[in-house]
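**Student:** I have a structure here, written as structure tokens, and I will follow up with some questions on it.
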Amino acid sequence: MNTRIEFVGFPAIYDLFPEGPHPFHLEGSTLSDLIQELVAHPDSRVGEALLEGRTKVLDPTIQVMINRRFIPKEELTHRKIREGDQITFLRLLAGG
């Protein structure tokens, strides 16, 4: 299925996914499937950017939006994606 993905706040992979949404062909049908496919990207920096250490769990500082709506953490494993959806990964940053 054809979707669009966007990464906001991920400077380590901006050369792979520059600012703005990018077309992405998803083999699966859920947000969990998308994350698995992204983690399997040939450049290991994608997995390192998305996962917390070696736990293979989505980093808790990352929020996910589908079509500009935030997805609650408890829905991330089973949330369905539809043809044409735009999925945005946002890394929450803090400073002081």
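Each value in this text was obtained by applying a stated rule to the coordinates, not by laboratory testing. Remember, it's a predicted structure, so these values are computed and weren't measured experimentally. Here the Cβ is made from the backbone with ideal geometry for all residues, glycine too, and neighbour counts use every protein chain on show.
**Student:** Quick check on the range 54-75: of everything there that is assigned to a strand (DSSP E or B) and either of a type in the set (Val, Ile, Thr) or within 10 Å of the chain's Cα centre (by Cα) (or both), which residue is farthest from PRO18 (Cα to Cα)?
**Tutor:** Only one residue tops the list, namely LEU58.
**Student:** So, one more: Please find, among GLY47, GLY28, the residue that is small (Gly, Ala, Ser), farther than 21 Å from GLU75 by Cβ and outside any strand (DSSP E or B).
**Tutor:** GLY47
**Student:** Please specify each residue of the range 1-25 satisfying the condition of being of a type in the set (A, V, I, L, M, F, W, C), closer than 17 Å to LYS80 by Cα and assigned to a strand (DSSP E or B).
**Tutor:** ILE5, PHE24
**Student:** Looking at (1) part of a strand (DSSP E or B); (2) of a type outside the set (D, E, K, R); (3) touching a helix residue (DSSP H, G or I) at 6+ places or on another chain (Cβ under 8 Å); (4) in contact (Cβ under 8 Å) with a residue 40 or more places away in the chain, which is the one condition that is false for HIS78?
**Tutor:** Exception for HIS78: condition (1).
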